[in-house]
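For reference, the structure discussed in these notes is given below.
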């Protein structure tokens, strides 16, 4: 994976940043993006797509990545913004924010997927980048761990949705809870139209 990133190095490109997100699909909670910038010599062999790693290993790698990265940033766009601008635009907003808030400016930005945001820095999209790029995979881990922690904490306030287990995703248990007790303010109104009638959603959310 590190060799993939280093293949982009040149006289003009010395610092490469990887960007990825977590939480595009859930029914509740924010979308979280992370940017990670390593120097060309830093390789963490255990890094892989966050979805392929156990939660324990992700936690361990989170610490190692944040210790060894030249710079990193995690950005959050909440469910209200998701409902307002749609999940794709919210995801790109979170990604862009995470890059812009880096304390060191990269020479190239590698983004997981096939959608990008405007930046004065060159941007390259990489389909399935979290399984190809060392920096993107690192970003996927930071985003995933950060969002999971956020949803576990939110579960203490809203225990009836079992977010400590499902992290806001539409599991059978989560959907049944929404139907039984209704959604809360952390749910994404625009994601619930197949579960609750639109008129009821407008009354509940007022938006």
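The values are calculated or read from the model by the stated rules, or taken from the named source; none is laboratory data. Bear in mind that the values here come from a model prediction, so they are computed numbers and not experimental data. FYI the Cβ positions are ideal-geometry reconstructions off the backbone, even for glycines, and counts take in every protein chain you see.
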Exercise for the section: Could you list all residues from the stretch 6-34 that are farther than 30 Å from residue 185 by Cα and either out of contact with any helix residue (DSSP H, G or I) (no Cβ under 6 Å at 6 or more places or on another chain) or not assigned by TED's automatic domain parsing to the domain that holds residue 72 (or both)? Expected result: 6, 7, 8, 9, 10, 11, 12, 13, 14, 15, 17
Handout entry: Any chance residue 37 is assigned to a helix (DSSP H, G or I), buried (at least 17 other Cβ atoms within 10 Å of the Cβ), on the phi < 0 side of the Ramachandran plot and not assigned by TED's automatic domain parsing to the domain that holds residue 167
Key = no
Completion exercise
Residues of the stretch 146-166 being surrounded by 24 or more Cβ atoms within 10 Å (Cβ to Cβ), in contact with a helix residue (DSSP H, G or I) (Cβ under 8 Å, 6 or more places away or on another chain) and under 19 Å from residue 32 (Cα atoms), in sequence order, are 151, 163
Exercise for the section: Kindly provide the set of residues from the stretch 176-204 that are touching a residue at least 24 places away in the same chain (Cβ under 8 Å) and part of a helix (DSSP H, G or I), ordered by number. Expected result: 178, 189, 190, 191
Fill in the blank from the handout: Only one of 100, 64 is surrounded by fewer than 19 Cβ atoms within 10 Å (Cβ to Cβ) and either under 21 Å from residue 4 (Cβ atoms) or touching a helix residue (DSSP H, G or I) at 6+ places or on another chain (Cβ under 6 Å) (or both), namely 64
